[in-house]
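**Student:** Just passing along the structure, written as structure tokens.
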Amino acid sequence: MNRRIVVVFSILLLLVISGIPALAQDEFVFGVVLVGPQNDRGWSQAHFEGGKFVEENLENSRMLVFESLNPADAPETTLMDVVTEMVDEGAQLIFTTSDAFEEDTDPVAEAFPDVTFINVSGDNALTGEAPPNVGNVMGQMEWGKEIAGCAAGLATQTGHIGYLGPLINAETRRLASSAFLGARYCWENFRDGDPADLQFDVTWIGFWFNIPGVTLDPTEETNTFFDNGADVVISGIDTTEAIVVAGQRASEGEDIFAVPYDFTGACDEAPEICLGVPFFNWGPAYLDIAQRVIDGTWEQAWEWVGPDWDDLNNLSTTGIGFIFGDGLDEEQSTQLGEFIDLLSEVANSPDTPNTFNAPDAPEGLDIVAPNAFALWEGPLAKQDGTPLAEEGELVPVLDVWYLDQLLEGMNGVSN
């Protein structure tokens, strides 16, 4: 009897021991590679918070983070170095969260074919250049920038708005242009202003955030906007210089405002002069992708995810949102709400034609994209006068995505 008990106990012990690796394997590890610090109050923090959302909502998940992968902060470190470490730690899914990583993501992914990679803001999956284990995701920030521009158009007293841009590419051109369209619409339709009297200036600093000795200084450029007569500055960079400068100058008595970018808490830097913040909310998309990877149902996709128009700032559902700032008065807040309703109507109307057309996309690619964007309609021309859309026509959404110039009426270089 004792021998039988010992044998049974030994078998149970072996089963328990052999089960330990299986339990460890159940952990889902994913990596997030940031171009800036995880607490930048902007782009990189929004991605970090997206990863935390996954950890909070996906049982037994663990995030690995590498922050500030850029030439200034980590000049000797490559994406391959970072990914190799993450894979060695068990990462099954890795988000490379910048267009700065787009070129390197594909060859790195080829070296790890059993790992899923998501490059944020890129389109190599759409063009067919990416290997099969690479997908893309981006938020439809065009809506958020239109709202930001409207807020600026409602608040400006000088009719002069500055846009603090990062580097110049198709993404930054279309987002600056979306802000211009929102500003022009609300200046004309709520303020009864002449569009020709609205001055919209764009300055590009050269990267997503300040790199001393490499980029223009965003603090200096924001001051230049205000010194030259702008009374609202909209930020398009990853960090908070625009609202910090506006807050400092407002505290000295200037009647000026700012619209920061990227992160839900960006207005906290100077709430009294903040008109609002368009923000990315990566958590729901990240969680959905992670769950598909776990389930074995992930397939290569190009996902341009939109807002939850039923609840714009619901952090469990929306892809982008807009938080109203304390700098808006009651009338401006009401008008901005009416403008958002107009955007929602266009986004959700069955009468809005589907302008998305990607005939060269890989067969079977899973695509998420808007049908069209409000305000991107004719008559509309590029900065050099080239027509984008004739009267009554909508600009196809991929023409917005690949915008190669700023729009007519904007001041600033396009290339």
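The values are calculated or read from the model by the stated rules, or taken from the named source; none is laboratory data. Everything numeric in this text was worked out from a predicted model, so none of it was measured. Heads up, the Cβs are rebuilt from the backbone with ideal geometry, glycines too, and the neighbour counts pull from every protein chain shown.
**Student:** For the range 309-349, how many residues are over 22 Å from ASP231 (Cβ atoms), of a type in the set (A, V, I, L, M, F, W, C) and not in a helix (DSSP H, G or I)?
**Tutor:** Within the range 309-349, residues that are over 22 Å from ASP231 (Cβ atoms), of a type in the set (A, V, I, L, M, F, W, C) and not in a helix (DSSP H, G or I) number 4.
**Student:** Now for a different question. When the residues of the range 30-73 are narrowed to those that are under 24 Å from GLY236 (Cα atoms) and among the polar types (S, T, N, Q), which ends up surrounded by the most Cβ atoms within 10 Å (Cβ to Cβ)?
**Tutor:** Applying the filter and picking the extreme gives SER44.
**Student:** Among the candidates THR215, THR222, THR264, THR297, single out the residue that is crowded, with 20+ Cβ neighbours inside 10 Å and of a type in the set (S, T, N, Q).
**Tutor:** Exactly one residue qualifies, and that residue is THR222.
**Student:** Has the range 181-193 got any residue that is assigned to a helix (DSSP H, G or I), touching a residue at least 40 places away in the same chain (Cβ under 8 Å) and surrounded by fewer than 17 Cβ atoms within 10 Å (Cβ to Cβ)?
**Tutor:** no
**Student:** Can GLU76 be described as under 22 Å from the mean Cα position of the chain (by Cα), without any contact (Cβ under 8 Å) to a residue 12 or more places away in the chain and surrounded by fewer than 17 Cβ atoms within 10 Å (Cβ to Cβ)? Break it down into steps so the answer makes sense when it comes.
**Tutor:** Values: under 22 Å from the mean Cα position of the chain (by Cα): no; without any contact (Cβ under 8 Å) to a residue 12 or more places away in the chain: yes; surrounded by fewer than 17 Cβ atoms within 10 Å (Cβ to Cβ): yes.
It is false that GLU76 is under 22 Å from the mean Cα position of the chain (by Cα), without any contact (Cβ under 8 Å) to a residue 12 or more places away in the chain and surrounded by fewer than 17 Cβ atoms within 10 Å (Cβ to Cβ).
**Student:** Could you please find all residues in the range 307-356 being crowded, with 19+ Cβ neighbours inside 10 Å and either at pLDDT below 95 or aromatic (Phe, Trp, Tyr) (or both)?
**Tutor:** Those that are crowded, with 19+ Cβ neighbours inside 10 Å and either at pLDDT below 95 or aromatic (Phe, Trp, Tyr) (or both): PHE322, PHE324, PHE339.
**Student:** Please go through the range 58-70 and pick out each residue that is over 21 Å from the mean Cα position of the chain (by Cα) and touching a residue at least 24 places away in the same chain (Cβ under 8 Å).
**Tutor:** LEU58, ASN60, SER61, ARG62
**Student:** Let me ask something else. What residue, among those in the range 137-180 that are assigned to a helix (DSSP H, G or I), hydroxyl-bearing (Ser, Thr, Tyr) and touching a helix residue (DSSP H, G or I) at 6+ places or on another chain (Cβ under 9 Å), is surrounded by the fewest Cβ atoms within 10 Å (Cβ to Cβ)?
**Tutor:** SER178
**Student:** Could I ask something else about it? When ALA381 is evaluated against the numbered criteria (1) surrounded by fewer than 19 Cβ atoms within 10 Å (Cβ to Cβ); (2) under 22 Å from the mean Cα position of the chain (by Cα); (3) not in a helix (DSSP H, G or I), which criterion, by number, is the only one it fails?
**Tutor:** (2)
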